[in-house]
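To start, the structure itself, in structure tokens.
The values are calculated or read from the model by the stated rules, or taken from the named source; none is laboratory data. These numbers were taken from a predicted model, which means no experiment stands behind them. Virtual Cβ from ideal backbone geometry, glycine too; neighbours counted across all protein chains shown.
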Amino acid sequence: MSSMTNTKIAEKFEQIADLLEFQGSNPFRIRAYRNGAKVIRDYPVSMASLIEDEQKDLTSIDGIGKDLAEKCQTLVQTGSLPMLDELLAEIPKTVLDLLRVPGLGPKKAAAVHKELGVATLEELKAACEAGEVQKLKGFGAKTEQAILGGLSIASAANKRILWIKANAIAEQLRTHMNACAAIEKFDFAGSYRRGKETIGDLDILAVSTDADAVMDHFATFEDIASVIGRGGTKMSVRLENGFQVDLRVVSHESFGAAMQYFTGSKEHNVIVRGIAKKRGLKVNEYGVFKTNDDQDEYVAGGSEEDVYAALGLPCFPPELREARREFDWAAAGQLPDLIQLKDIKADLHMHTVATDGKATIQQMIAAAQDRGLKYIAITDHSKRVSMANGLDESRLLQQWQEIDRINEDLQKSFHVLKGIECDILEAGGMDLSDEVLAQADWVIASVHYGQKQPKAKITARILGAIQNPYVTMIAHPTGRLLNKREPYEVDLDQVFAAAAEHGTLMELNANPYRLDLDDVFCGMAKDHGIPIVINTDAHSVDGLDVMVCGIQQARRAGLTKHDVANTRTWNQLQKLLRK
DNA sequence: GCCGTTTTCGGCCCGACTGTTTTCAGTCG
């Protein structure tokens, strides 16, 4: 059994692309590796299982040709790749860090490496400070200073921040830009608009006839640490926390084209341009143009709808613009009607003061009602999670008695499920007896300890929970914490197959640090016919508000409300549970 | 390295800004 996941294969291909780029190889070859990495990372079935299957030909996947298919097979079967090893023998791995310095691309990085023997960030800093870098051909004093500047903020500048944190910054910027009289209208584009789980920078597009006035106003935003650049239509700044914000001022008739262009993703746009070209059209941030010999003729650009319509395409929801399956869906007229926040009727994972939550059951009910929910599940921790004061059998049964009383008082205006987040023990098996679990309305199973166990062991634990007749859902199935902790080594191919067989649901945990399952795995689960449950895992009243992050992730996965179990009433949802 | 109602070779998205140049390469998105 191979432990080569799609993510790991993609990382290897990315590394090859970096190394080839550093070597100055054919840019299209480099792009082929990057594209292959992306296709594999996003593919809804694991390469390992496809190769095992033997029926499946990897080259039938768009972007994977004979060569990349062979490299996949080698990686899956041997765990390594001779070609990559050879490249690494020629170029020290630390050199790739140079490519992460803002302002230092592959050409200049290669120059400092070749001419000055610089192989690490420390050596680069020393070479700059010694004034050696500015002597190189194509370099100068300003370039040297820019590299030094890039080095000092390299770690902060390259770190992607959580969407919810970018959202807080965006809200401040929105308020600031609203006060600018020269702006006719503005909006945010980029990965923030696409609702990605982490954001690299913010892009603001503004319509105005006075770009200078807009930029002058932008420059007064209090959090700006430095101005990276400013031209006639574009300005880039870095905030105190190292985060970059780009502003672009466009004309009214270009706003839609600019939104389309800067929302991306880059890969999505490459395909859009290809489609345009075939139709004798050209797309850039100013509009869609008919390409004539003498002069290009403006066709569309005021709105995104117009831009896409001019190319015979539907206006893709931003969350779908990832060059995955959206163009196939569009061609088949089957663009999914994506789930919305208002479709959610229940939140089925939350904690109370009984364990590590901050609010009582009653407070959580009131907060859920405020947010338009019809029912919730109270799912405190089980006893093994001692740090959180997890519930043993008797405390749990007591809590359920209390919930029975509460439900009577509510008189069907709202419903509370008797639930539990039961720990899957390190040795396998559940933390509470089947006798108790049988009395629950809703049993979540999740891993808290032994997260670093080898693949076979941790997978077997989760499979055991799926086979338990009382477990209704697996919570945060991979355990990842964005920017903090890697996912468990769990084999989701096996997990999804078992869940589909036993009628166990999978969670999309909406906590912005988790978003687990991620969008690609949600798509895989959907392909297995497994209903997804989007939950907040709230530990407080405010914790219920992160549902919006889960919805964005679900939309990126292409999920409709029919794919998500907690868009149903409790009666309807029970029919989904085949146990 | 991938791909093909321009199909096995010759393409492969497009533009802003900067710095080092003196017409353009490199970087970025």
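Considering A:LEU68, A:LEU104, A:LEU99, A:LEU75, which residue is touching a Lys or Arg at 6+ places or on another chain (Cβ under 9 Å) and not assigned by TED's automatic domain parsing to the domain that holds A:ILE271?
A:LEU75
I'd like to know if the range A:192-208 contains one or more residues that are more than 25 Å from A:GLU319 (Cβ to Cβ), more than 13 Å from DNA strand B (Cβ to nearest atom) and not assigned by TED's automatic domain parsing to the domain that holds A:GLU132.
So far as the range A:192-208 goes, yes, one or more of its residues are more than 25 Å from A:GLU319 (Cβ to Cβ), more than 13 Å from DNA strand B (Cβ to nearest atom) and not assigned by TED's automatic domain parsing to the domain that holds A:GLU132.
I'd like to know if the range A:446-460 contains one or more residues that are among the charged types (D, E, K, R) and within 27 Å of A:LEU577 (Cβ to Cβ).
no
Here are the criteria: (1) within 13 Å of DNA strand B (Cβ to nearest atom); (2) in contact with a strand residue (DSSP E or B) (Cβ under 7 Å, 6 or more places away or on another chain); (3) at pLDDT below 95. Tell me which single one A:PHE188 does not satisfy.
The number of the failed condition is (3).
Exactly one of these conditions fails for A:GLU86: (1) near DNA strand B (Cβ under 9 Å from one of its atoms); (2) free of Cβ contacts under 8 Å to residues at least 24 places away in the same chain; (3) closer than 27 Å to A:GLU123 by Cα. Give me its number.
Condition (1) is where A:GLU86 drops out.
Since A:LYS342 meets every condition but one in (1) closer than 28 Å to A:GLN572 by Cβ; (2) over 25 Å from the mean Cα position of the chain (by Cα); (3) surrounded by fewer than 21 Cβ atoms within 10 Å (Cβ to Cβ), which condition does it not meet?
(2)
Any idea which residue in the range A:532-579 is farthest from A:SER265 (Cα to Cα), counting only those that are part of a loop (DSSP other than H, G, I, E, B) and among the small types (Gly, Ala, Ser)?
A:SER540
Which count do you get for residues in the range A:559-579 that are of a type in the set (Gly, Ala, Ser) and at pLDDT below 95?
Total satisfying the criteria: 0.
Go through (1) near DNA strand B (Cβ under 10 Å from one of its atoms); (2) farther than 23 Å from A:TRP163 by Cα; (3) touching a residue at least 12 places away in the same chain (Cβ under 8 Å) one by one and return the number of the condition A:MET235 breaks.
The failed condition is (2).
In the range A:216-327, which helices (runs of 4 or more DSSP H) lie fully inside it and hold 3 or more residues that are charged (D, E, K, R), over 27 Å from A:ARG31 (Cα atoms) and in contact with a Phe, Trp or Tyr (Cβ under 9 Å, 6 or more places away or on another chain)?
Of the helices (runs of 4 or more DSSP H) lying wholly inside the range A:216-327, none has at least 3 residues that are charged (D, E, K, R), over 27 Å from A:ARG31 (Cα atoms) and in contact with a Phe, Trp or Tyr (Cβ under 9 Å, 6 or more places away or on another chain).
Given the criterion touching a residue at least 40 places away in the same chain (Cβ under 8 Å) and buried (at least 24 other Cβ atoms within 10 Å of the Cβ), identify the matching residue among A:LEU573, A:LEU577, A:LEU544, A:LEU559.
A:LEU559
For residues in the range A:242-287 being among the hydroxyl-bearing types (Ser, Thr, Tyr) and either in contact with a helix residue (DSSP H, G or I) (Cβ under 6 Å, 6 or more places away or on another chain) or at positive phi (or both), which is farthest from DNA strand B (Cβ to nearest atom)?
Result: A:THR263.
Quick test for you: out of A:ALA456, A:ALA497, pick the one residue that is surrounded by fewer than 16 Cβ atoms within 10 Å (Cβ to Cβ), part of a helix (DSSP H, G or I) and either in contact with a strand residue (DSSP E or B) (Cβ under 7 Å, 6 or more places away or on another chain) or in contact (Cβ under 8 Å) with a residue 12 or more places away in the chain (or both).
After applying the criteria, what remains is A:ALA456.
Taking the conditions exactly as written (within 26 Å of the chain's Cα centre (by Cα) and assigned to a loop (DSSP other than H, G, I, E, B)), does A:GLY428 satisfy them or not?
no
Could you grab me the full set of residues in the range A:177-213 that are surrounded by fewer than 16 Cβ atoms within 10 Å (Cβ to Cβ) and not in a loop (DSSP other than H, G, I, E, B)?
Hits for the range A:177-213 are A:ASN178, A:LYS185, A:ASP212, A:ALA213.
Quickly run through the range A:65-83 and pick out the residues that are away from DNA strand B (no atom under 12 Å from the Cβ) and closer than 13 Å to A:GLY36 by Cβ.
Hit for the range A:65-83 is A:LEU75, nothing else.
Scan the range A:184-208 residue by residue and report those that are of a type in the set (Val, Ile, Thr) and more than 16 Å from A:ALA258 (Cβ to Cβ).
A:THR198, A:ILE199
Checking the structure you have, find out if any residue of the range A:119-126 is of a type in the set (Gly, Ala, Ser), within 12 Å of DNA strand B (Cβ to nearest atom) and assigned to a helix (DSSP H, G or I).
There is no residue in the range A:119-126 that is of a type in the set (Gly, Ala, Ser), within 12 Å of DNA strand B (Cβ to nearest atom) and assigned to a helix (DSSP H, G or I).
Considering each of A:SER49, A:SER25, A:SER60 in turn, give the residue that is away from DNA strand B (no atom under 14 Å from the Cβ) and of a type in the set (Gly, Ala, Ser).
So the residue among A:SER49, A:SER25, A:SER60 that is away from DNA strand B (no atom under 14 Å from the Cβ) and of a type in the set (Gly, Ala, Ser) is A:SER49.
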